[in-house]
Protein chains: 2
Amino acid sequence: MAVYTEVGDDELARFVARYGVGEVLSCKGIAEGVENSNYLLRTTGGTFILTLYEKRVREADLPFFLGLMEHLAAKGLTCPQPVRDREGTALGRLAGRPAAICTFLDGVSVRRPTAQHCAALGETLARLHLAGADFKLMRPNALSVAGWRPLFEQAEARADTVKPGLTEATARALETLERDWPTSLPRGVIHADLFPDNVFFLGNRLSGLIDFYFACNDMLAYDLAVCLNAWCFESDLAFNHTKGHALIAGYQKLRRLSHEEIEAFPLLARGAALRFMLTRLVDWLNVPPGALVKPHDPLPYYRRLRFHLRVAGPEDYGCAA
Amino acid sequence: MAVYTEVGDDELARFVARYGVGEVLSCKGIAEGVENSNYLLRTTGGTFILTLYEKRVREADLPFFLGLMEHLAAKGLTCPQPVRDREGTALGRLAGRPAAICTFLDGVSVRRPTAQHCAALGETLARLHLAGADFKLMRPNALSVAGWRPLFEQAEARADTVKPGLTEATARALETLERDWPTSLPRGVIHADLFPDNVFFLGNRLSGLIDFYFACNDMLAYDLAVCLNAWCFESDLAFNHTKGHALIAGYQKLRRLSHEEIEAFPLLARGAALRFMLTRLVDWLNVPPGALVKPHDPLPYYRRLRFHLRVAGPEDYGCAA
């Protein structure tokens, strides 16, 4: 659940006036996005999302995120498009925080994605990777392999309180990944957090992607591995091969995976599972008493990690070399 | 902050289909209303508020609340209007809870109400009281004088941990109010919770009232006393006489207070302050560790109560007998 910064009605009216989107009709804090305060803003000019960037987002990264959304939208990918103010600037300040107004996307998140949803996601992910190819700004992935050990060290001493043996198992998985993590696969702009919450559908049609605040430059196939982890496991944490195949085949309709990418896929899937397990574990162990934000349980990502450790090869995911 | 029940996309689509408001375009949980889960629902037919009634609202009271909103809206008061389904029923069930779809109101809550806002509020409150006069359903006010002692008894043993001397001062105020609480003032339907959060403005024009989930039958002037407490004190808790006068004069433009109502006003104001202090105190003392809801501080209402205990007469509020 999102954090909410309170915005006064008068400062809101002054802020919105700069953007030439008409006058404020209503503004509701919405439960979307974990890192920022988001508001559904209705004005005489339309419906928008107003975002206040809270302290977990680095201000220096905002031009990358906003620029990327603008770049992708210009290439026809449906994602929130930052509105520029009368001086041509998208990023402003409101209630003491960096803030931006973006266009509103219709659609709802699916709670139980079908194979058809996964196929549509795969296609759109490939479209995102192709559209991002000529985006000029760079942002390294702070949560790639080099970032995992520092996270592990924050959790190491207490990981066994979450599940006996977790420390040892994580240490072993991390060592292997640090040793074998690929370095020469095709790279580009990735979303890096394309969970079902961040993908909208109208019926079976994918209507848009949101929340680009983890986007960065990294291996393209890693993004697909993140999606596989987030979309292709059932609620009992069994891997659904049909969904995995649909996701990867959907992706390959627009961007063929290379032999190297396919071969590396089990490792990438393991890395993606470890990355989300580690951030969730750190949050889980460090939730302050009385916190307004309930952290995600890290263990479902440990279960995924164990699945990936047992697969025989890329064909187990539905991608044939 | 509101509680959120998660609603699946498929069960939402089925629920909305019954209401003949078109197809779901988006549905966002919003931070509005403390007792219920509220969603801003956009469909091909328009924009609505979807409410899931959580356990703090008694299901048996829902026909009163929904019927009242329908009644008031039919009389021209701008408030959410429940949408009836194809069978003519407003109340349905979604995600295991009673649920309703209401029309969406434009407007924003004001954080620092001006005297002009207070005057507009007074007028609209009088309009609500007049429009409610022929509403047929009844709901006694569970949080009137008879409800205060049970609340006090829940807090009594620990009230001094919040502020030394609070138990004794509250006991004395409660005794006087139980003895002197008026019984023969004009009664009718009251909102009973008309805080700035529940009143929308577009500029200085009051555009609507929301959150009728404390509405009940009680003394009309008590509702005005609740508003005076909620709207006419500054952030340093000093009473603003200009705002008090504006509120009461606005009210009297449409409904004149009787001599008895004016005489009783200081007592009603004290009762209103005690009612909110007590519910906040009980919530404050009983917040579970790790709770998602941050309770309101009860002490600002204790400060108001002390102000009311010191006033010389109704003229101190700006209402002349």
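The values are calculated or read from the model by the stated rules, or taken from the named source; none is laboratory data. This one's a predicted model, so the numbers in the text were calculated from it and none came from an experiment. Every residue, glycine as well, gets a Cβ built from its backbone with ideal geometry; the counts of neighbours run over all protein chains shown. Ligands, DNA and RNA are excluded from the accessible area calculation, which covers all protein heavy atoms including side chains. Shrake-Rupley method; radii C 1.70, N 1.55, O 1.52, S 1.80 Å.
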Filter the range B:173-232 for residues that are among the charged types (D, E, K, R) and in contact with an Asp or Glu (Cβ under 7 Å, 6 or more places away or on another chain); the one that is nearest to the other protein chains (Cβ to nearest Cβ) is B:211
Inspect all residues belonging to the range A:199-210 and state whether any of them is of a type in the set (Phe, Trp, Tyr), in contact with a Gly (Cβ under 7 Å, 6 or more places away or on another chain) and more than 22 Å from residue A:283 (Cβ to Cβ).
yes
Scan the range B:135-147 for residues that are surrounded by 13 or more Cβ atoms within 10 Å (Cβ to Cβ), farther than 30 Å from residue B:76 by Cα and out of contact with any Asp or Glu (no Cβ under 8 Å at 6 or more places or on another chain) and report the count.
1
Does any residue of the range B:127-134 turn out to be surrounded by fewer than 19 Cβ atoms within 10 Å (Cβ to Cβ), in contact with a helix residue (DSSP H, G or I) (Cβ under 7 Å, 6 or more places away or on another chain), in contact (Cβ under 8 Å) with a residue 40 or more places away in the chain and in a helix (DSSP H, G or I)?
yes
It is to be established whether one or more residues within the range B:232-252 are open to solvent by less than 30 Å² (accessible area, probe 1.4 Å), within 30 Å of residue A:14 (Cα to Cα) and out of contact with any helix residue (DSSP H, G or I) (no Cβ under 8 Å at 6 or more places or on another chain).
no
Note: among B:90, B:100, just one is of a type outside the set (Asp, Glu) and farther than 16 Å from residue B:7 by Cα, namely B:90
Among the residues of the range A:169-197 satisfying the criterion of being open to solvent by 10 Å² or more (accessible area, probe 1.4 Å), under 19 Å from residue A:131 (Cα atoms) and touching a residue at least 40 places away in the same chain (Cβ under 8 Å), which is nearest to the chain's Cα centre (by Cα)?
A:188
Report every pair of residues separated by at least 6 positions or lying on different chains whose Cβ atoms are under 8 Å apart, first residue within the range B:9-25 and facing chain A (nearest Cβ under 8 Å) and of a type in the set (A, V, I, L, M), second in a loop (DSSP other than H, G, I, E, B) and crowded, with 20+ Cβ neighbours inside 10 Å.
B:25/A:107
If you check A:153, A:123, which single one turns out to be more than 20 Å from the chain's Cα centre (by Cα), farther than 30 Å from residue A:12 by Cα and away from every other protein chain (no Cβ under 14 Å)?
A:153
Candidate set: the range A:60-117, residues that are within 21 Å of residue A:247 (Cβ to Cβ), within 14 Å of chain B (Cβ to nearest Cβ) and open to solvent by 20 Å² or more (accessible area, probe 1.4 Å); chosen: the one nearest to the chain's Cα centre (by Cα)
A:109
Filter the range B:92-116 down to the residues that are farther than 24 Å from residue B:199 by Cα, in a loop (DSSP other than H, G, I, E, B) and not aliphatic (A, V, I, L, M) and list them by number.
B:96
Which one of the conditions (1) within 9 Å of another protein chain (Cβ to nearest Cβ); (2) within 26 Å of residue B:124 (Cα to Cα); (3) open to solvent by 10 Å² or more (accessible area, probe 1.4 Å) does residue B:49 fail to meet, given that it meets all the rest?
(1)
Residue list for the range B:198-231, filter: open to solvent by 10 Å² or more (accessible area, probe 1.4 Å) and touching a Cys at 6+ places or on another chain (Cβ under 9 Å):
B:210
If you go through the range A:247-263 one residue at a time, do you hit one that is touching a Pro at 6+ places or on another chain (Cβ under 6 Å), under 12 Å from residue A:317 (Cβ atoms) and in contact (Cβ under 8 Å) with a residue 24 or more places away in the chain?
yes
Quick one: is residue B:89 part of a loop (DSSP other than H, G, I, E, B), within 24 Å of residue B:195 (Cα to Cα) and polar (S, T, N, Q)?
no
Flagged pairs (Cβ under 7 angstrom, 6 or more apart or on separate chains; first in the range B:283-301, within 13 Å of chain A (Cβ to nearest Cβ) and open to solvent by 40 Å² or more (accessible area, probe 1.4 Å); second at pLDDT 95 or above and part of a loop (DSSP other than H, G, I, E, B)) are B:284/B:298
Cβ contacts < 7 Å: first residue in contact (Cβ under 8 Å) with a residue 12 or more places away in the chain, restricted to the range B:108-122; second residue open to solvent by 40 Å² or more (accessible area, probe 1.4 Å) and in a loop (DSSP other than H, G, I, E, B), any location; separation 6+ or different chain. Result?
B:116/B:204; B:117/B:204; B:120/B:204
Filter result (open to solvent by 40 Å² or more (accessible area, probe 1.4 Å) and within 10 Å of another protein chain (Cβ to nearest Cβ)) within the range B:26-41
B:31, B:32
